[in-house]
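Report on the structure given below.
Coordinate-derived values only; no laboratory data. Being a predicted model, the structure only gives us computed values, none of them experimental. No Cβ is skipped: glycine too gets one built from the backbone with ideal geometry, and neighbour counts run over all protein chains shown.
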Amino acid sequence: MDLINKERLWGTINDLATITMEDQPWTRRSFTAKYNEGREWLMKQMRDSGLEVEIDEGSNVIGRLIGTEPNLPPIVIGSHTDTVPNGGRFDGIAGVLAGLEIVRAIKENDIPVKHTIEVVDFTSEEPSEYGLSTVGSRAWSGNLTEEMLSYTNPAGQTLSEAIAYAGGNPSHIKNCKKEKGSIALYLELHIEQGPVLLRNNASLGVVTGIVGIQRYKVTVDGLPNHSGTTPMNMRNDALTAASEMTLALESVANGKFDQPVVGTVGVFNNFPNASNVVPGKVEFAVEIRSISEKAIDEVGSEFLSKVEEIALKREVKIKTENVSRSGAIVISNEIKQLLKESCSSITEKVIELPSGAGHDANQMSLLAPVGMIFIPCKDGRSHCPEEWAEKEDFYFGAKAMLQAVLAFSK
Ligand code: HGY
Ligand code: MN
Ligand code: MN
Ligand code: MN
């Protein structure tokens, strides 16, 4: 008998994804009114489904279905409902809504499940205007420091104020820190955000590991000047210096390491950004990712020394800040086996693969055994308006995750 309601599951995707900023399709940036609106919609769905609903000190939204043995540590099914700009109908949303559908199926069919199940929308998984990602799951793992709470957005508001705006209580953030072992299992369904499932004609993927991510913020201070009267050999141009540093990251990341590495400059802010002013200052964001911590360290140190060299040569000042580091994780054989069996009970087109994207599972791996199921996304693309997943794959993913929960909690 089919427990997952395919049409209802698919309908929730559209209901939430269309709660988007008027001027930016498929966008619900964390800590905005739209983000709060989307979470109000989610909490109503949770309450209407008979779940206990709360927003914790880290402003994580939690919907709880009490198990038959409530003293057992809970199973957490999580992901995120915030998006990158113009970026997500499925990224994050799919995992939260699959969790909602799973608890609905359990409740409606009176299936006895020992463990309490918590469906969690973790706050600000995407790098926000405050420069930090996985904010809510960091609050649970204890990796959301006082210094991070003081990070500011371009308007000068602090992350602490933003968490309060999202319904959290940052001055008591320590209250939502969890102890290792206080969660029985963390599961996350996510679109792959890459082409591997498609290339292998697979419907479901069992994730074998998740990259670590090192984030830096680099500030280049040159000398703003009149672009018409300042000769080329008398400039301290912050933008050309920052551009050479960006190309240096690209060439270092193209080097040979024990595992594949990617390096990206995705944010690049030029000041004063006027066509007739020699750029005085550039702030840019750097991220380096790999399954290998050693490779991340090697690329990071090589990049930072190149930045020093270029600054010296171009007579500009630099400040490099270590914004955050999330560790790479390897999924345990036990959890991989659990997910392989549950996925294979739904479809024979199952493969194993690593995740080049970071997830809340990175932080959750510090607290509990974690497992992830991937579903294919169209053309392997994500973080763009074209991001799309097929109803059937999403349905298979939710069914497989339900199987995994029932098998784990029998
Ligand atoms: O950036 C990532 O890897 C994820 O999509 N937040
Ligand atoms: Mn993302
Ligand atoms: Mn995501
Ligand atoms: Mn002028």
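What length, rounded to one decimal in nm, is gained on full extension from Asn5 through to Glu315, with 0.36 nm per residue of separation minus their alpha-carbon distance?
105.3 nm
Cα to Cα, under 16 Å, and not fewer than 8 places away if on the same chain: which lysines meet these conditions relative to Lys410?
Once the sequence-local lysines are set aside, what remains near Lys410 is Lys107, Lys114.
First measure r as the distance between the Cβ atoms of Asn71 and Gln337, then evaluate 1/(1 + (r/R0)^6) with R0 = 41 Å and state the FRET efficiency to the nearest 0.05.
0.95
Rounded to whole Å and sorted largest first, list the principal axis extents of the Cα atoms in the stretch 212-326.
Computed over the Cα atoms, the extents are 49, 21, 18 Å.
Quickly work out the Glu52-to-Lys180 label distance, labels modelled 7 Å from Cα along the C-beta direction, and quote it in nm with one decimal.
2.7
Using the Kirkwood radius built from alpha carbon pairs, what does the Stokes-Einstein equation give as D for the stretch 47-147 at 4 °C and 1.567 mPa s, in µm² per second?
D = 90 µm²/s.
Whole-Hz ³J(HN,Hα) for each residue in the stretch 300-314, computed from phi via Karplus 6.51 cos²θ - 1.76 cosθ + 1.60 with θ = phi - 60°, x for glycine and proline: what do you get?
Result, rounded to whole Hz: x, 5, 5, 5, 4, 6, 5, 4, 4, 4, 5, 5, 5, 4, 9.
Just how far, in whole angstrom, is the stretch 286-356 from the stretch 41-61 if you go by their alpha carbon centroids?
32
Counting other Cβ atoms within 10 Å of each Cβ, which GluC sites (Glu not before Pro) in the stretch 329-377 have at most 11 and sit in a DSSP loop?
Glu348
For the chain, what's the radius of gyration and Dmax over Cα atoms, in angstrom?
22.3, 78
Filter the GluC sites (Glu not before Pro) in the stretch 163-231 to those in DSSP coil with at most 13 other Cβ atoms within 10 Å of their Cβ, and list the result.
Counting only loop positions with at most 13 other Cβ atoms within 10 Å, the GluC sites (Glu not before Pro) in the stretch 163-231 are Glu179.
Around His172, what is the net charge, scoring Lys/Arg as +1 and Asp/Glu as -1 over all other residues with Cβ under 14 Å from its Cβ?
It works out to a net charge of -2.
Per-residue HN-Hα couplings for the stretch 186-194, Karplus 6.51 cos²θ - 1.76 cosθ + 1.60 at θ = phi - 60°, whole Hz, x for Gly and Pro?
10, 10, 9, 9, 8, 5, 5, 6, x
Tell me the angle of helix 93-108 to the major Cα principal axis of the chain, expressed in degrees between 0 and 90 and rounded to the nearest ten.
In the chain, helix 93-108 runs at an angle near 10 degrees to the longest axis.
Which percent, to the nearest 5, of DSSP beta bridges fully inside the chain are antiparallel?
Roughly 70 percent of the beta bridges in the chain run antiparallel, per DSSP.
Whole-Hz ³J(HN,Hα) for each residue in the stretch 138-147, computed from phi via Karplus 6.51 cos²θ - 1.76 cosθ + 1.60 with θ = phi - 60°, x for glycine and proline: what do you get?
Per-residue couplings from phi come out as 5, 4, 6, 7, x, 9, 10, 7, 4, 4 Hz.
What distance in nm lies between label points placed 7 Å from Cα along the C-beta direction at Ser345 and Lys391?
About 2.5 nm, to one decimal.
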